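Remarks on the structure that follows.
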Amino acid sequence: MSSAHPHPRTGIGAAHVQEVSENIYAYVQPDGSWWINNTGFLVGRRGVVSVDACSTESRTRAYLGAIGAITDRPVRTLINTHHHGDHTFGNYLFAGSTIVAHDGVRRSLLEWGKPRSAPYWTEVDWGDIELEPPFLTFRDEVTVYVDDLPCQVRYIGTPAHTTNDSVLWIPERRLLFSGDLLFNGGTPFLLQGSISGALRAVETLRALNPETIVPGHGPVCGPEVIERVGAYLRFVQDLARRGHEAGLTPLDAARETDLGAFGELLDPERLVGNLHRAYAERNGAAPGARIDQAAALNDMITYNGGKPLSCYA
């Protein structure tokens, strides 16, 4: 098996701004595969609130340029939905902004360190990245006001995509910025989080009853994406149960599996990492507990035909 063929237009110029509610914008970066994330921004009378940064210096500068094409007001607040570098490596370019995130984001970002491609991903020009962790953190929830509009930054309450996932929920607009709790068109990835926790997170997001969702990767969508992600998570959990009972390794279980409709998702090799996480939970590991990520990533490369995972960031 190999990575799904990405959309041919994955360059920075393919990114676009989409107004998803009055004065609220999604910045969508095709094709949403490895390290190509979505961000967004909210424009108020005195300044801008950004939801996440991008993975590389050039992509983050392009994003800031897109904000500047909409408004000349400064970005006063930057919210990180979780610690992964595609959402945080560009933090340092938001000079003068208050960087807000869950308590766990700061520690996890510093532990991750600066970006590196080899040996797991094809080479990326990251730029001159400086780690800039959040310096205003919260435990459960914090409200950010854009003029008079309350925007709730909520920790999802459980390890899921990572151990520190938050969403931006705007109740008055029924609008959700989900971070990587939701992928639209891409394979969810739970290696640093939890399968069971992600299923609980899906239920939490469903209960919000959003009308519009800006996922962490992929096109802006509606609540149907919640059901699709939930179906994939249940598929992984069931496959892990059957593979574990049969004595198969996560890699062998993945190799013997017909992905069916999920084969259309980008980056199918993530199934192997997800199975490593699911097996760990079946063996008694707590959600979000540390597991051998290097072994999982090496198995993903093996599943990918022995080639590094394709990254177009």
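Of the listed requirements (1) free of Cβ contacts under 8 Å to residues at least 60 places away in the same chain; (2) over 14 Å from His276 (Cβ atoms), Thr249 misses just one: (2). For region 283-300, what are the residues that are part of a helix (DSSP H, G or I), touching a helix residue (DSSP H, G or I) at 6+ places or on another chain (Cβ under 9 Å) and open to solvent by less than 50 Å² (accessible area, probe 1.4 Å)? If the condition is that a residue be part of a helix (DSSP H, G or I), touching a helix residue (DSSP H, G or I) at 6+ places or on another chain (Cβ under 9 Å) and open to solvent by less than 50 Å² (accessible area, probe 1.4 Å), then Ala295, Ala296, Leu297, Asp299, Met300 are the ones that fit.
Selection of region 75-99 for residues being surrounded by 24 or more Cβ atoms within 10 Å (Cβ to Cβ), more than 11 Å from Ser50 (Cβ to Cβ) and either of a type in the set (A, V, I, L, M) or in contact with a Phe, Trp or Tyr (Cβ under 6 Å, 6 or more places away or on another chain) (or both) yields only Asp86.
Among the residues of region 99-144, write down those that are more than 27 Å from Leu297 (Cβ to Cβ) and either touching a residue at least 12 places away in the same chain (Cβ under 8 Å) or of a type in the set (A, V, I, L, M) (or both). Ile99, Val100, Phe135, Leu136, Thr137, Phe138, Arg139, Asp140, Glu141, Val142, Val144 - these are the residues of region 99-144 that are more than 27 Å from Leu297 (Cβ to Cβ) and either touching a residue at least 12 places away in the same chain (Cβ under 8 Å) or of a type in the set (A, V, I, L, M) (or both).
As a summary of the residue check, Tyr312 satisfies the conditions (1) farther than 15 Å from Leu190 by Cα; (2) open to solvent by less than 30 Å² (accessible area, probe 1.4 Å); (3) touching a Ser or Thr at 6+ places or on another chain (Cβ under 6 Å) except for the one numbered (2).
Entry remark, region 275-313: residues being farther than 23 Å from Val124 by Cβ and either within 20 Å of the chain's Cα centre (by Cα) or of a type outside the set (A, V, I, L, M, F, W, C) (or both) number 15 in total. If you go through region 41-70 and pick out every residue that is in contact with a Phe, Trp or Tyr (Cβ under 9 Å, 6 or more places away or on another chain) and part of a loop (DSSP other than H, G, I, E, B), you end up with 6.
For the subset of region 261-282 comprising residues that are among the basic types (Lys, Arg) and open to solvent by less than 40 Å² (accessible area, probe 1.4 Å), which member is nearest to Val229 (Cα to Cα)?
Step one: filter region 261-282 for residues among the basic types (Lys, Arg), giving 270, 277, 282.
With open to solvent by less than 40 Å² (accessible area, probe 1.4 Å) added as a condition, the list becomes 270, 277.
Values: Arg270: 14, Arg277: 16 Å.
Here the residue is Arg270.
Against the test of being of a type in the set (A, V, I, L, M, F, W, C), more than 15 Å from Ile129 (Cβ to Cβ) and under 19 Å from the mean Cα position of the chain (by Cα), the options Ile12, Ile67, Ile24 yield a single qualifying residue, Ile12. Out of region 142-161, which residues are open to solvent by 10 Å² or more (accessible area, probe 1.4 Å), farther than 26 Å from Ala280 by Cα and assigned to a strand (DSSP E or B)? Within region 142-161, Val142, Thr143, Val144, Tyr145, Val146, Leu149, Pro150, Gln152, Arg154 meet the criteria.
The values are calculated or read from the model by the stated rules, or taken from the named source; none is laboratory data. Just so it is clear, the model here is predicted, and its values are computed rather than measured. Positions of Cβ are generated from backbone atoms using ideal geometry, with glycine treated the same way; all protein chains shown enter the neighbour counts. When the accessible area is computed, the model is the full protein with side chains, heavy atoms only, and any ligands, DNA or RNA have been set aside. Shrake-Rupley method; radii C 1.70, N 1.55, O 1.52, S 1.80 Å.
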